[in-house]
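For reference, the structure discussed in these notes is given below.
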Amino acid sequence: MLSKTQVEVCRLCAGTGWRPIAARSGEHQERRVTRCDCRLQARNQSLLAAANIPRRYEHCELASYTTDFPGAHPSLAFAHLTASKFAQEYDPRDGTGLLIIGKIGTGKTHLAVGIIKDLMLNQGISCLFYDYRELLKAIQNSYNATVQTTELDVLRPVFETDVLVLDELGAVKPTEWVWDTVSLILNTRYNDNRTTIITTNFEDQPAAGANGAVSIARAATRAETLGDRIGERMRSRLHEMCRIIKMEGEDFRQKFRSASFR
């Protein structure tokens, strides 16, 4: 067992970060090296630490998502399969993300976190998690003259990360400022061909009065839609950016009192 003053040194690279590899048959027998797995693992762990995943969801992985319980809706198993395939086949050149739609407690956040953990730890892809409400608060706080953080300081990692999870889209009451901010984030990532994974509790339906949809007068008697919360222009943009996953069923987080579902 190592003492407090000892540091474990990788046996493959002797702490250099580079390990020798054997030359292939017919090659000149020069010393060749490649990045050691110990450094790759350290980098991937640093990506995970910087991903801003809330403590409540740190345990969430694709492998731990289960639909093997009484009353599970078939859409949950399909969503899990789609999320797993998305992580396995991720291509940074593609930029296509996911729009995961479902009621509270169906496991949307679990799958989203599971995807980015897989991408960071197995593929070394930079990822960032933001709750929609917390992101808007952070941007608003940057306007405070006593705060040393600027709006760009908050938004730069949101713009630049390879994969962004935007959790609970539409959870904040819409205002012009909210719509402008959402537009800026989604359009920037769309134009830069970066992958965005979005979860929402709102049905993917038009806003009241949009394109012949239910009239504004009747809007008060119906549940709000994603179009109501983010506007039709941004809803249309999401359809260009993302494949849609719909998750149905009961609120199993409440039923089983498990933080694994959201």
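Looking at Asn211, Asn193, which is the one that is surrounded by fewer than 17 Cβ atoms within 10 Å (Cβ to Cβ), modelled with pLDDT under 95 and at positive phi? Step through it out loud before you land on a result.
On the way: Asn193 fails: modelled with pLDDT under 95.
Answer to the check: Asn211.
Residue-by-condition table, conditions (1) at pLDDT below 70; (2) among the aromatic types (Phe, Trp, Tyr); (3) closer than 15 Å to Lys117 by Cβ:
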| residue | (1), (2), (3) |
| --- | --- |
| Thr5 | yes, no, no |
| Ala14 | yes, no, no |
| Arg31 | yes, no, no |
| Tyr65 | no, yes, yes |
| Ala77 | no, no, no |
| Phe86 | no, yes, yes |
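Does Ile116 satisfy the criteria of being part of a helix (DSSP H, G or I), touching a residue at least 40 places away in the same chain (Cβ under 8 Å), under 20 Å from Ile245 (Cβ atoms) and β-branched (Val, Ile, Thr)? Before you say what the answer is, go through the steps one by one.
On the way: part of a helix (DSSP H, G or I): yes; touching a residue at least 40 places away in the same chain (Cβ under 8 Å): yes; under 20 Å from Ile245 (Cβ atoms): yes; β-branched (Val, Ile, Thr): yes.
Here the answer is yes, as Ile116 does meet what is asked.
Here are Glu160, Glu168: which of them is in contact with an Asp or Glu (Cβ under 9 Å, 6 or more places away or on another chain), at pLDDT 95 or above and farther than 17 Å from Leu238 by Cβ? Talk me through it step by step, then tell me what you get.
On the way: Glu168 fails: farther than 17 Å from Leu238 by Cβ.
That would be Glu160, the only listed residue that is in contact with an Asp or Glu (Cβ under 9 Å, 6 or more places away or on another chain), at pLDDT 95 or above and farther than 17 Å from Leu238 by Cβ.
Count, please, the residues in the range 59-75 that happen to be under 18 Å from the mean Cα position of the chain (by Cα) and assigned to a helix (DSSP H, G or I). Before you say what the answer is, go through the steps one by one.
Going through the range 59-75, the residues under 18 Å from the mean Cα position of the chain (by Cα) turn out to be 59-65.
Then keep just the ones that are assigned to a helix (DSSP H, G or I); that gives 62-64.
So the count comes out to 3.
Looking at the range 119-159, which of its residues are without any contact (Cβ under 8 Å) to a residue 40 or more places away in the chain and acidic (Asp, Glu)?
Of everything in the range 119-159, those that are without any contact (Cβ under 8 Å) to a residue 40 or more places away in the chain and acidic (Asp, Glu) turn out to be Glu134, Glu151, Asp153.
Name the residue that is modelled with the highest pLDDT, counting only residues in the range 97-134 that are touching a strand residue (DSSP E or B) at 6+ places or on another chain (Cβ under 6 Å) and polar (S, T, N, Q).
Thr109
When you check Leu186 against the structure, is it in a helix (DSSP H, G or I) and under 15 Å from the mean Cα position of the chain (by Cα), yes or no?
Working: in a helix (DSSP H, G or I): yes; under 15 Å from the mean Cα position of the chain (by Cα): yes.
Yes.
Step by step: first the residues of the range 66-122, then only those that are among the basic types (Lys, Arg) and farther than 14 Å from Val163 by Cα, then the one that is surrounded by the fewest Cβ atoms within 10 Å (Cβ to Cβ). Which residue is that? Walk me through how you get there before you give the answer.
Taking the range 66-122 and keeping what is among the basic types (Lys, Arg), we get 85, 93, 103, 108, 117.
Those left that are additionally farther than 14 Å from Val163 by Cα: 85, 103, 108.
On the way: Lys85: 10, Lys103: 14, Lys108: 27.
The selected residue is Lys85.
Leu152: part of a helix (DSSP H, G or I) and surrounded by 14 or more Cβ atoms within 10 Å (Cβ to Cβ), yes or no? Working first, answer last.
Values: part of a helix (DSSP H, G or I): yes; surrounded by 14 or more Cβ atoms within 10 Å (Cβ to Cβ): no.
The answer is no for Leu152.
Can you tell me which residue in the range 171-190 is modelled with the lowest pLDDT, limited to those that are of a type in the set (D, E, K, R) and over 21 Å from Ala112 (Cβ atoms)? Show your work before the answer.
Of the residues in the range 171-190, the ones of a type in the set (D, E, K, R) are 173, 176, 180, 189.
Narrowing further to those that are over 21 Å from Ala112 (Cβ atoms): 173, 176, 180.
Numbers: Lys173: 91, Glu176: 95, Asp180: 95.
Among those residues, the one meeting the criterion is Lys173.
The values are calculated or read from the model by the stated rules, or taken from the named source; none is laboratory data. In this text the structure is predicted, and so the values were computed from the model without any measurement. Cβ: placed from backbone, ideal geometry, glycine included. Neighbour counts: every protein chain shown.
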